[in-house]
Amino acid sequence: MRGALATVGALHRAGVPLLASTDAPNPGTVHGVSLHDELALLVRAGLPATAALAAATSVPADRFEMNDRGHVVAGKRADLLLVRGDPTTDITATRAIEAVWKAGHRLDRDAYRKAVADEYAALEARRAAPPPPGSESGKIAAFEAGKLAAEFGAGWQPATDALIGGTSTVELNLGKKGARKSKGALRMSGAVAEGEQPKWAGAMFFPGAAPMQPANLGKFTKLVFAARSDGASALTVMVFAEQLGIAPLRKQIAVGREWAEHTVTFAELGGLEPHDVLGLFFGATQAGPFALELDDVRLE
């Protein structure tokens, strides 16, 4: 942090235009709210409060040639923030908001507060939801019954990037020899297409009563499973959750020809709180043909 602040201060003194940003919605950041912290950091780096305010208003508008906004001038778009205090001398005054106008229209902040309160209430409801029936032991599948069955939830389905227009392929079958000399395993084989966009092919387990229905797995902290490959394929685990939107959390694991047990904790996946898990993906994400086997999948 000290080095970053010193660098920002040096850039300002050298006359380099600085634009305030937060990289929201990355973990720990929120659209709008986190910008107040950014302004305070710019001041801490040595910028006058007026320069920090410009970094969030007029400078971005000028640099991106958005000529209809960024300045409080007659005839320009009225995006305005009314605060208590003087943010040109105390940058934290930007947090004491009295009113907001967007494109000349005053926003209903009471309605916004209610929407936020409703969102938090819905979150607490998901956290308090009962776990999926049958999930008490944490066991998901051992593939011993001669079919691709699961102990709870909506079971297993093939999953590929066809969801976003991709051409990767996969077939799910039962392997005859599982981990620890068991009598079954899930075998995934296919090919991941070339391309710059995210690509994947494998199997998805749905813990909810229906595919992509959220399930509260909050009593568990990790995912444990046995896996092996054809010797060339890596296994990728992806967790889809309602809180994540369309972007899953993922971890790639090197697997060999022999069965080995692997553990993926929710903590290492960005500290995910698994109260609204939509699906657990196991498969390949590297371009080319693949063959993977999965067994003894469980939550602990």
When you go through 225, 220 one by one, which is the residue that is at pLDDT 95 or above and assigned to a strand (DSSP E or B)? 225
Kindly check whether there is at least one residue in the stretch 282-299 that is closer than 30 Å to residue 121 by Cβ, outside any strand (DSSP E or B) and in contact (Cβ under 8 Å) with a residue 12 or more places away in the chain. no
Does residue 290 count as closer than 27 Å to residue 132 by Cβ, at pLDDT 90 or above and crowded, with 19+ Cβ neighbours inside 10 Å? no
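Is it the case that residue 64 is in contact (Cβ under 8 Å) with a residue 60 or more places away in the chain and out of contact with any helix residue (DSSP H, G or I) (no Cβ under 8 Å at 6 or more places or on another chain)? Spell out the reasoning first.
Working: in contact (Cβ under 8 Å) with a residue 60 or more places away in the chain: no; out of contact with any helix residue (DSSP H, G or I) (no Cβ under 8 Å at 6 or more places or on another chain): yes.
When the stated conditions are applied, residue 64 does not pass them.
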Residue check: is residue 94 open to solvent by less than 80 Å² (accessible area, probe 1.4 Å) and among the β-branched types (Val, Ile, Thr)? yes
Close pairs (8 angstrom Cβ cut-off, 6 or more residues apart or separate chains): charged (D, E, K, R) in the stretch 1-26, part of a loop (DSSP other than H, G, I, E, B) anywhere: 13/46; 23/29
Residue pairs, Cβ under 6 Å, 6 or more apart or interchain, first in the stretch 159-176 and under 15 Å from residue 286 (Cβ atoms) and open to solvent by less than 30 Å² (accessible area, probe 1.4 Å), second basic (Lys, Arg) and outside any helix (DSSP H, G or I). List them. 161/199; 166/199; 168/199
Residue 202, sole failed condition from (1) more than 25 Å from the chain's Cα centre (by Cα); (2) under 19 Å from residue 292 (Cβ atoms); (3) modelled with pLDDT of 95 or more: (1)
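Go through the stretch 6-63 and report how many residues are part of a loop (DSSP other than H, G, I, E, B) and either of a type in the set (Lys, Arg) or touching a Pro at 6+ places or on another chain (Cβ under 8 Å) (or both).
Looking only at that region, the number is 3.
The values are calculated or read from the model by the stated rules, or taken from the named source; none is laboratory data. Only a predicted model underlies this, so the values are computations on that prediction, with no experimental measurement involved. Heads up, the Cβs are rebuilt from the backbone with ideal geometry, glycines too, and the neighbour counts pull from every protein chain shown. Note: areas computed on protein heavy atoms with side chains; ligands, DNA, RNA excluded. Shrake-Rupley method; radii C 1.70, N 1.55, O 1.52, S 1.80 Å.
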